[in-house]
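Chemist: Provided herewith is a single structure, encoded as structure tokens, for subsequent inquiry.
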Amino acid sequence: MSVIEWTKDFIIGNNKIDLQHMELINIYNALLVETKKGEGNNKIKEYLKKLADYATLHFDTEEKYFEEIKYPSLDRQKKEHLDFKKKVINLIKDFQAKKIRLNMDILDFLKDWINNHIINEDCKAREFIKKASETNLEDNINGINYNISGEGNIVFFIHDNIHSSNYFSDILHFYQKKFKVVTFDLLGCGNSLRNNKIEGDFWQQNSEIINKICLKHKLNDIIIFSYNFGCYTALNTALKYPELVKGIVLYNPEKPIFEKEDLKILMRNREKSKKSSESFFYSRMHGDDWEEVINNDSKIFCNLKDGKKNIFPHKQSNIKCPVNTFYSMKDFNSEKFLNFLEFSEKIPNSRIIFENYSEDPLFLKSPQKFLLNFENFVKALFSQNVS
Ligand SMILES: [Fe+2]
Ligand SMILES: [Fe+2]
């Protein structure tokens, strides 16, 4: 009997759940390997328990998510999950009491259940998930794909310089209840036009796109949330369109100066990601040609000439709006922080906030906790309390 090979057929369209399915399959495969080694192997018991525990955790996550998005087949899901849990618990009991031996028939059952349940049941939710994270308004300007949803103060989300709006699709429903949310795919990324010659001041171009979207939809007083290298798109926008940007929230910003050594690290990490589970993350963001997307992005960095390695070659003192920067203590990088600290001290209205609960990527790990911080910042902005 062979292992379960994870393929794209298993993707249901929610990052967290898809990653859990991958992990469930990994645990099953490990159990199979141990079982094949023969009886008396302590690891069989260990992996069997791991499978039961992880399945429970996964079912809880999945049921909660289905409840949130009001998935109509939730009851059927709950029933199947419960049946499986009972069967596995009984299996463990019988195995521990030495009533049964873990043979290939049992592994066959587990394999069939995992395969069938994910592909035939969980994947039925695919269309529903897509609709739940879909937007009220989808459009494109010059090949840039974007969408606008929800009501309230206007918030633009940017993840990074290879940002795709898919990154936020799993948590968007929290924010749509409170804000008018604009997500977009940067040029060359997500569903935007593929462009093999992204050159020049990439961060500048992206701020122009934000302005175009705002002009077209008459959006004012926007708040930009951005992360990593995307932070420089937010700051550029505030500098170039001071009337447009009411406030900025940054999360774990990258260093403003990009050195040759950083390029080497970036290239190494990109190559590694092609062979790791990160490839799944990238393919969800950008689609089948994701490798080309990250290669293009690496090219942008390679093309930064010596004199241009400063990716924000402007005067920070000209940024007029409040800038709140959050740092996660769980993946804290002191070098990155110290570089940004020096940079941000020159921004007149800048605050740095440390969070010890959030992790990268913060939105996926603790969206509701962060939402509270975010709401407070926005409230203060509009009541002029930010000094
Ligand atoms: Fe599932
Ligand atoms: Fe399920």
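Chemist: Which residues, counting only those in segment 143-187, are over 13 Å from the mean Cα position of the chain (by Cα) and acidic (Asp, Glu)?
Modeler: Residues satisfying the conditions are Glu151, Asp185.
Per-residue answers, yes or no, for (1) of a type in the set (D, E, K, R); (2) within 12 Å of ligand 2 (Cβ to nearest atom); (3) in a helix (DSSP H, G or I):
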residue	(1), (2), (3)
Leu57	no, no, yes
Asp60	yes, yes, yes
Pro72	no, no, no
Lys78	yes, yes, yes
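Chemist: Counting just the residues of segment 9-56 that are within 20 Å of the chain's Cα centre (by Cα) and without any contact (Cβ under 8 Å) to a residue 60 or more places away in the chain, which one comes out nearest to ligand 1 (Cβ to nearest atom)?
Modeler: Gln20
Condition check ((1) out of contact with any strand residue (DSSP E or B) (no Cβ under 7 Å at 6 or more places or on another chain); (2) in contact (Cβ under 8 Å) with a residue 24 or more places away in the chain; (3) among the β-branched types (Val, Ile, Thr)) across all residues:
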residue	(1), (2), (3)
Leu110	yes, yes, no
Ile118	yes, yes, yes
Ile141	yes, yes, yes
Asn145	no, yes, no
Glu151	no, yes, no
Ile154	no, yes, yes
His159	no, yes, no
His163	yes, yes, no
Leu186	yes, yes, no
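Chemist: Filtering segment 10-52 down to residues that are touching a helix residue (DSSP H, G or I) at 6+ places or on another chain (Cβ under 8 Å) and small (Gly, Ala, Ser), which residue is surrounded by the fewest Cβ atoms within 10 Å (Cβ to Cβ)?
Modeler: Ala30
Chemist: Restricting attention to segment 80-101, which residues are within 16 Å of ligand 2 (Cβ to nearest atom) and either more than 36 Å from the chain's Cα centre (by Cα) or not aromatic (Phe, Trp, Tyr) (or both)?
Modeler: Start the filter on segment 80-101 by keeping residues that are within 16 Å of ligand 2 (Cβ to nearest atom), which leaves 80-88.
Correct list: Glu80, His81, Leu82, Asp83, Lys85, Lys86, Lys87, Val88.
Chemist: Report yes if some residue within segment 124-133 is free of Cβ contacts under 8 Å to residues at least 24 places away in the same chain and surrounded by 13 or more Cβ atoms within 10 Å (Cβ to Cβ); otherwise report no.
Modeler: In the first step, residues of segment 124-133 are kept if they are free of Cβ contacts under 8 Å to residues at least 24 places away in the same chain; the result is 127, 131.
With the extra rule that they be surrounded by 13 or more Cβ atoms within 10 Å (Cβ to Cβ), the set shrinks to none.
Checked segment 124-133: no residue is free of Cβ contacts under 8 Å to residues at least 24 places away in the same chain and surrounded by 13 or more Cβ atoms within 10 Å (Cβ to Cβ).
This table checks each residue for (1) among the aliphatic types (A, V, I, L, M); (2) within 14 Å of ligand 2 (Cβ to nearest atom).
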{"residue": "Lys16", "(1), (2)": "no, yes"}
{"residue": "Leu32", "(1), (2)": "yes, no"}
{"residue": "Tyr65", "(1), (2)": "no, yes"}
{"residue": "Asn103", "(1), (2)": "no, no"}
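Chemist: Still on this model: Every residue in segment 316-351 that is more than 19 Å from Thr233 (Cα to Cα) and among the small types (Gly, Ala, Ser), please.
Modeler: Of segment 316-351, the ones more than 19 Å from Thr233 (Cα to Cα) are 328-335, 338.
Scanning segment 316-351 gives Ser328, Ser334.
Chemist: Another question, if that's okay. Tell me yes or no: at least one residue of segment 356-365 is assigned to a loop (DSSP other than H, G, I, E, B), of a type outside the set (A, V, I, L, M, F, W, C) and modelled with pLDDT of 85 or more. Lay out the reasoning, then the answer.
Modeler: The first filter runs over segment 356-365 and keeps only residues assigned to a loop (DSSP other than H, G, I, E, B), leaving 356-361.
Next cut, of a type outside the set (A, V, I, L, M, F, W, C) only: 356-361.
In the following step, the residues that additionally are modelled with pLDDT of 85 or more were identified as none.
No, segment 356-365 contains no residue that is assigned to a loop (DSSP other than H, G, I, E, B), of a type outside the set (A, V, I, L, M, F, W, C) and modelled with pLDDT of 85 or more.
Chemist: Of everything in segment 53-89, what is more than 30 Å from His173 (Cβ to Cβ) and either at pLDDT 95 or above or loosely packed, with under 12 Cβ neighbours inside 10 Å (or both)? Give them in sequence order.
Modeler: Taking segment 53-89 as the starting set, the residues that turn out to be more than 30 Å from His173 (Cβ to Cβ) are 86-89.
Of everything in segment 53-89, just one residue is more than 30 Å from His173 (Cβ to Cβ) and either at pLDDT 95 or above or loosely packed, with under 12 Cβ neighbours inside 10 Å (or both), namely Lys86.
The values are calculated or read from the model by the stated rules, or taken from the named source; none is laboratory data. It should be emphasised that the depicted structure is a prediction, and the values quoted were computed from it without experimental measurement. With ideal geometry, Cβ positions are generated from the backbone for all residues, glycine too; neighbour counts draw on all protein chains shown.
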